[in-house]
Amino acid sequence: MNYEEKIYHLLRVFYVNQPFASHLFEAYFIALGVLLGGSLIGGLAAFLTGQPLMTEIARFSSSIRIWAIIAAIGGTFDTVYSFERGLLNGETKDIFKQFLLILTAMGGAQTGALIINWLTQEHV
């Protein structure tokens, strides 16, 4: 199997189940949006109350990262139920899907945190 066939096979595996692939994109961008929006709106509130804007935006970014991931995966009970079903019923496909969903949401939250760190330059 040459390189092009491997790429085609890989893309076919991930895009055969179109609704799940769209869930991955949704999870990424929901986590990104929650982190960016929450940090920037929280920074606006900090500015209105007289606190340092950039410092508070960076602080909000680090404190709401887990909530962005939870919001992206749609709550914790569905994920726990999928893990339970995967472990007890031997449905490893569900475990793998939930793992990919969580990993994608973490990637979106990390991207948002990097953008906030880049904009605020608080790490310098």
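The values are calculated or read from the model by the stated rules, or taken from the named source; none is laboratory data. The model shown is predicted, which means the values in this text are computed figures rather than measured ones. The accessibility values were calculated without ligands, DNA or RNA, using every heavy atom of the protein model including side chains. Shrake-Rupley method; radii C 1.70, N 1.55, O 1.52, S 1.80 Å.
Once all protein chains are placed together, S22 keeps about 40 Å² accessible to a 1.4 angstrom probe. In region 81-124, the alpha-carbon atoms span a convex hull of 65 Å³ per residue. Per residue, the convex hull spanned by the alpha carbons of region 44-124 comes to 87 Å³.
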